[in-house]
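Engineer: Here you go, one structure.
The values are calculated or read from the model by the stated rules, or taken from the named source; none is laboratory data. Quantities reported herein were computed from a predicted structural model and do not represent experimental measurements. With ideal geometry, Cβ positions are generated from the backbone for all residues, glycine too; neighbour counts draw on all protein chains shown. Side chains included, ligands, DNA and RNA excluded: accessible areas come from the protein's heavy atoms. Shrake-Rupley method; radii C 1.70, N 1.55, O 1.52, S 1.80 Å.
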Amino acid sequence: MKKVKLGIIGIGNMGSGHAGNIKGGKCPDFDIVAIADINEERLNWAKEQKYNEGITYFNDAIEMLDSGLIDACLITVPHYDHPRFAIECMKRSIHVMLEKPAGVYTKQVLEMNTEAKKHPEVIFGMMFNQRTNCVYRKLKELVDSGEYGEIRRTNWIITNWYRPQAYYNSGGWRATWAGEGGGVLLNQCPHQLDLWQWICGMPKKVRAHLHYGKWHDIEVEDDVTAYVEYENGATGVFITSTGDACGTNRLEIQMDRAKFVVENDVLSMDEYDISEKVFTKENQKPFGSPAITHKMPETDGENQQHIGILNAWADAILRGGNLVAHGEEGINGLILSNAMHLSSFLDKEIELPFDDELYYNELMKRVASSRKKENVSSVFADTTSVMDSTKS
């Protein structure tokens, strides 16, 4: 059986995690044939792992892309370099899987998506592994079904990202504008921002309050409260932090005929026997409320995470199957985080779409005065500490 000849750019924590899954036989459609990393220590470490026989190692990613050895490339490098290497792959008709986030600012991701349109032969995917979680897949199915009317309100409190100061001290590029381009929104929360828009849609207005270095000695945000408005009048709140030692992860969606809650990786719902819009018009009791039935929606129980993303990508390359998340979709969650930053930078409400050039210029002001201690381009390791998305 034909296999995908895979190259990996960046054999840091995420890159090595993916390589380990492939070596362990969990992604049987791939053969790792090349690895690129400008950190010689990481390359030597990778050689000791013996991921595959006959792997060619490169200290220059472009040399690997020009080698003709690979069909597909997995990109697990610092955030700023995500679009750059994706574009280089596309220009060579090399299939791309990009780690989150899609980039740091929408201007560069728009350029990447424009390039992707020029290469329909390239299978371009995003590593949004939380979309494989049966709980969120079922929730999206229920929201999209139309059975429960329109969304009225969404609330996500995701504060179980606790990080001590030692985490930020572990690299001079961490939690800096020049190194990562942001804090909790760009490093820890891309999965939740993606799921939020994937399930609930994109808002039209964003007003956010960000605190920079509130709980840690860092220059980027570690505490966020954002308010959004949707086209249909629905509202939403997104709260996140890396400062809560005992945090919460709770998503709540209020609809016309139901309330959905995801907490502790469990989906529950309260279903109304009649739409609230109808009930409030017909009811004659001053303190009346519709009858409610509590339910636990059944899921398929599958949650394949990173392995599921990679196997779907291989299936799309070899057999025309479906991706879990198309690469072009990566911009949506980034729009949300950029809009939250811009709202804080300018201290005002931001309407979507916003001015991408304006955001870029505001970001670069902060990059210019960043205290990053080392050149991020010399660090070819993704900022995520382990394969578990809760450890970014």
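Engineer: Quick one: which residue in E88, E63 is in contact (Cβ under 8 Å) with a residue 24 or more places away in the chain, within 24 Å of K3 (Cα to Cα) and open to solvent by 60 Å² or more (accessible area, probe 1.4 Å)? Give the derivation first.
Structural biologist: Working: E88 fails: open to solvent by 60 Å² or more (accessible area, probe 1.4 Å).
Unique residue meeting the criteria: E63.
Engineer: Do any strands (runs of 3 or more DSSP E) lying entirely in region 219-265 carry at least 2 residues that are over 21 Å from the mean Cα position of the chain (by Cα), and which ones are they? It would help to see each step written out before you state the result.
Structural biologist: Details: elements: 221-229, 235-241, 249-255, 258-263.
Strands (runs of 3 or more DSSP E) meeting the threshold: 249-255, 258-263.
Engineer: Only one of these conditions is not met by T56: (1) within 23 Å of I309 (Cα to Cα); (2) at pLDDT 95 or above. Which number is it?
Structural biologist: It is condition (1) that T56 fails.
Engineer: Quick one: Q305 ticks every box in (1) on the phi > 0 side of the Ramachandran plot; (2) surrounded by fewer than 17 Cβ atoms within 10 Å (Cβ to Cβ) bar one, so which box is it?
Structural biologist: (2)
Engineer: Out of curiosity, is W215 aromatic (F, W, Y) and in a loop (DSSP other than H, G, I, E, B)?
Structural biologist: Working: aromatic (F, W, Y): yes; in a loop (DSSP other than H, G, I, E, B): yes.
So W215 fits the description; yes.
Engineer: Specify which of the listed residues (L352, L334) is more than 15 Å from the chain's Cα centre (by Cα) and open to solvent by less than 50 Å² (accessible area, probe 1.4 Å).
Structural biologist: Result: L352 is the single residue among L352, L334 that is more than 15 Å from the chain's Cα centre (by Cα) and open to solvent by less than 50 Å² (accessible area, probe 1.4 Å).
Engineer: Could you figure out which of (1) open to solvent by 70 Å² or more (accessible area, probe 1.4 Å); (2) in a strand (DSSP E or B); (3) charged (D, E, K, R) isn't true of D31?
Structural biologist: Condition (1) is where D31 drops out.
Listed here are the residues, each with its yes/no results for (1) touching a Leu at 6+ places or on another chain (Cβ under 9 Å); (2) surrounded by fewer than 16 Cβ atoms within 10 Å (Cβ to Cβ); (3) over 26 Å from V77 (Cβ atoms).
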position	(1), (2), (3)
S145	no, yes, yes
W156	yes, no, yes
N160	no, no, yes
P164	no, yes, no
S170	no, yes, no
A175	no, no, no
A178	no, no, no
G181	yes, no, no
Q188	no, no, no
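Engineer: Name every residue in region 66-85 that is more than 16 Å from A314 (Cα to Cα), open to solvent by 50 Å² or more (accessible area, probe 1.4 Å) and either among the polar types (S, T, N, Q) or part of a loop (DSSP other than H, G, I, E, B) (or both), in order of residue number.
Structural biologist: First, pick out the residues of region 66-85 that are more than 16 Å from A314 (Cα to Cα): 66-69, 76-85.
This time we only want the ones that are open to solvent by 50 Å² or more (accessible area, probe 1.4 Å), so: 66, 68-69, 84.
Within region 66-85, G68, L69 qualify.
Engineer: OK, next. For region 114-142, how many residues meet the condition of being over 16 Å from the mean Cα position of the chain (by Cα), within 27 Å of P353 (Cβ to Cβ) and open to solvent by less than 20 Å² (accessible area, probe 1.4 Å)?
Structural biologist: Total meeting the criteria: 3.
Engineer: I'm trying to understand the selection: among the residues of region 271-302, which are within 30 Å of Q130 (Cα to Cα) and surrounded by 14 or more Cβ atoms within 10 Å (Cβ to Cβ)?
Structural biologist: If the condition is that a residue be within 30 Å of Q130 (Cα to Cα) and surrounded by 14 or more Cβ atoms within 10 Å (Cβ to Cβ), then E271, Y272, P297, T299 are the ones that fit.
Engineer: I'd like the full set of residues that are farther than 26 Å from L251 by Cβ and either open to solvent by 10 Å² or more (accessible area, probe 1.4 Å) or charged (D, E, K, R) (or both), limited to region 95-112.
Structural biologist: Matches in region 95-112: H95, Y105, K107, Q108, L110, E111.
Engineer: While we're looking at this one, here's another question. Under 9 Å between Cβ atoms, at least 6 apart or on separate chains: pull out the pairs that start in region 127-139 with a residue that is within 25 Å of E271 (Cβ to Cβ) and end on any residue that is among the basic types (K, R) and open to solvent by 10 Å² or more (accessible area, probe 1.4 Å).
Structural biologist: Once the first residue is within 25 Å of E271 (Cβ to Cβ) and sits in region 127-139, its partners that are among the basic types (K, R) and open to solvent by 10 Å² or more (accessible area, probe 1.4 Å) give R131/R137; R131/K140.
Engineer: Only one of these is in contact with a helix residue (DSSP H, G or I) (Cβ under 9 Å, 6 or more places away or on another chain) and either modelled with pLDDT under 95 or not in a helix (DSSP H, G or I) (or both): I8, I22. Name it.
Structural biologist: Values: I22 fails: either modelled with pLDDT under 95 or not in a helix (DSSP H, G or I) (or both).
Only one candidate qualifies: I8.
Engineer: Take G125 and tell me if it is within 24 Å of Y227 (Cβ to Cβ) and not basic (K, R). It would help to see each step written out before you state the result.
Structural biologist: Numbers: within 24 Å of Y227 (Cβ to Cβ): no; not basic (K, R): yes.
The answer is no for G125.
Engineer: May I ask you to say which residue of N322, N332, N311 is in contact with a Cys (Cβ under 8 Å, 6 or more places away or on another chain) and not hydrophobic (A, V, I, L, M, F, W, C)?
Structural biologist: Values: N322 fails: in contact with a Cys (Cβ under 8 Å, 6 or more places away or on another chain); N332 fails: in contact with a Cys (Cβ under 8 Å, 6 or more places away or on another chain).
Of the residues listed, the single one that is in contact with a Cys (Cβ under 8 Å, 6 or more places away or on another chain) and not hydrophobic (A, V, I, L, M, F, W, C) is N311.
Conditions (1) assigned to a loop (DSSP other than H, G, I, E, B); (2) at pLDDT 95 or above; (3) of a type in the set (S, T, Y), marked per residue:
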{"position": "V122", "(1), (2), (3)": "yes, yes, no"}
{"position": "R131", "(1), (2), (3)": "no, yes, no"}
{"position": "A166", "(1), (2), (3)": "no, yes, no"}
{"position": "G172", "(1), (2), (3)": "yes, no, no"}
{"position": "L186", "(1), (2), (3)": "no, yes, no"}
